[in-house]
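The values are calculated or read from the model by the stated rules, or taken from the named source; none is laboratory data. Since the model is a prediction, treat every value here as computed from it, not as a measurement. Counting neighbours? That spans all protein chains shown, and the Cβs are built from the backbone with ideal geometry, glycine included.
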Amino acid sequence: MSATPAVGTTNAQSTTSKTSKTNTATSTHDQFMQLMLSELTQQDPLKPMSTSEMANQMLSLEQVSTTENLQKQLENLSNVLMMGATGLVGKSVTVLDPNTQQEVTGTVQALRSKSGQLSLMINGQSYPSEYLRELR
């Protein structure tokens, strides 16, 4: 009697974690363990899963968990930086224009964040925050 083994455990796990950002690392870990347990209980006893295959799947789980944790930490850092930068609004600053290499002085009118990059709106122009040279 042969049971059909679960197929694509690692790929299913990766797809699940990429498409659903609301999953926590714990739930991802739990899902992986359930799939692995199902695979082990339904495998052909005459052709058991090799230890290297099992180790590869465990490594894949660890990589997914690490990536999710890193992404959450980067999102938190971006939020902290944005909150700290709000003190620049209304302040007089000097920035280096990355296109002309000229210094521009003006009042910060607004802040923008796009793809984790913070930029300052000065005199109707947007300048990346890393080009800030002076704050008055």
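When we screen E39, E68 for residues that are touching a helix residue (DSSP H, G or I) at 6+ places or on another chain (Cβ under 8 Å) and more than 30 Å from L118 (Cα to Cα), the only hit is E39.
Rundown of residues vs (1) assigned to a loop (DSSP other than H, G, I, E, B); (2) within 17 Å of L81 (Cα to Cα); (3) of a type outside the set (F, W, Y); (4) assigned by TED's automatic domain parsing to the domain that holds Q71, yes/no style:
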| position | (1), (2), (3), (4) |
| --- | --- |
| T94 | no, no, yes, no |
| P98 | yes, no, yes, no |
| Q101 | yes, no, yes, no |
| V104 | no, no, yes, no |
| T107 | no, no, yes, no |
| A110 | no, yes, yes, no |
| S113 | no, yes, yes, no |
| L120 | no, yes, yes, no |
| S126 | no, no, yes, no |
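Among the residues of the range 42-85, the ones that are among the hydroxyl-bearing types (S, T, Y), part of a helix (DSSP H, G or I) and loosely packed, with under 10 Cβ neighbours inside 10 Å come to 2 in all. Look at (1) in contact with a strand residue (DSSP E or B) (Cβ under 6 Å, 6 or more places away or on another chain); (2) on the phi > 0 side of the Ramachandran plot and you find that G124 fails only one, number (1). Restricting S126, S78 to residues that are among the polar types (S, T, N, Q) and either touching a residue at least 60 places away in the same chain (Cβ under 8 Å) or over 30 Å from F32 (Cβ atoms) (or both) narrows the list to S126. From the list S119, S115, the one residue that fits, being free of Cβ contacts under 8 Å to residues at least 12 places away in the same chain and touching a Pro at 6+ places or on another chain (Cβ under 9 Å), is S119.
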